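Visitor: Sending over a structure as structure tokens; questions will come in a sec.
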Amino acid sequence: QRQTVQNQLITQKSLESFAAKLSAQAGVPPPAGIAPFHGSLPSKPEAAQLQAQAQSQMQAQVDAQQQLQVQAQNQVLQQQQQLVQVQAQAQAQAQAELRAHARAKAHELVQARQQAKAVV
């Protein structure tokens, strides 16, 4: 995440610089919050290359964010699967305990009846 933030800052600075240069090239003031450009302007091929680089960086960021999102979704799915397994195991254990308890009670009843018959 730290690398992503650093890349975003670098991309943001590159885009701001690019926006300032394009504004200067077009003879208009830069967008709000972006310092005016003071220096030599890129040629059209250089400007196109800078734009392509900026778009490539932005796409790389989008791809990285999507990959992180997929990883997070996969982790959630794994946790949900583990939860379902734990719930199934708990239910099976509870059913086994209930069956054992029912068998024990049935055995107690059989013994109580046998004792009652023996007394009579």
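Visitor: Taking the dipole about the Cα centre of the chain, with the C-beta of Lys and Arg at +1 and of Asp and Glu at -1, give me whichever of Ala90, Ala20, Gln65 is farthest to the positive side.
Guide: The Cα lying farthest towards the positive end belongs to Ala90.
Visitor: Taking a cut-off of 14 Å, what percent of all Cα-Cα pairs in region 46-118 are separated by more than that? Kindly include the intermediate steps, with their values, before the conclusion.
Guide: Details: 2079 of 2628 pairs.
Across region 46-118, Cα pairs with separations above 14 Å total 79 percent.
Visitor: So what is the relative contact order for the chain, in percent, with contacts set as C-alpha pairs under 8 Å and at least six apart? Walk me through the numbers on the way to the answer.
Guide: Values: 37 pairs, mean separation 23.4, N = 120.
Relative contact order here is 20 percent.
Visitor: Aspartates and glutamates near Lys105 by alpha-carbon distance under 16 Å, same-chain residues fewer than 8 away left out - which ones?
Guide: Glu97
Visitor: Expressed as a whole percentage, what fraction of the accessible surface of the chain belongs to carbon and sulfur atoms when a 1.4 Å probe is rolled over the protein heavy atoms?
Guide: 56 percent
Visitor: Still on this structure, please answer the following. Based on Cβ point charges of +1 for Lys and Arg and -1 for Asp and Glu, what charge dipole magnitude is obtained for the chain about its Cα centre, in debye rounded to the nearest 20? Walk me through the intermediate numbers first.
Guide: Working: 9 positive and 5 negative charges, 142 e Å.
The dipole of the chain has a size of about 680 debye.
Visitor: Need the list of lysines near Lys21 for cross-linking: C-alpha distance under 29 angstrom, and skip anything on the same chain fewer than eight residues off.
Guide: Lys13, Lys44
Visitor: Okay, moving on. Quick one: angle between helix 2-26 and the longest Cα principal axis of the chain, in degrees between 0 and 90, rounded to 10, please.
Guide: Between helix and principal axis, roughly 30 degrees.
Visitor: Give the calculated FRET efficiency between Glu108 and Gln80 to the nearest 0.05, with a Förster radius of 35 Å applied to their Cβ-Cβ distance. Don't skip to the answer; put the middle values down first.
Guide: Working: r = 42 Å, r/R0 = 1.19.
FRET efficiency, Glu108 to Gln80: 0.25.
The values are calculated or read from the model by the stated rules, or taken from the named source; none is laboratory data. As the structure is a computational prediction, the values presented were derived from the model and not from experiment. Quick reminder, even Gly has a Cβ in these numbers, built from the backbone with ideal geometry, and neighbours come from all protein chains shown. Protein only, heavy atoms only, side chains kept; ligands, DNA and RNA dropped before computing areas. Shrake-Rupley method; radii C 1.70, N 1.55, O 1.52, S 1.80 Å.
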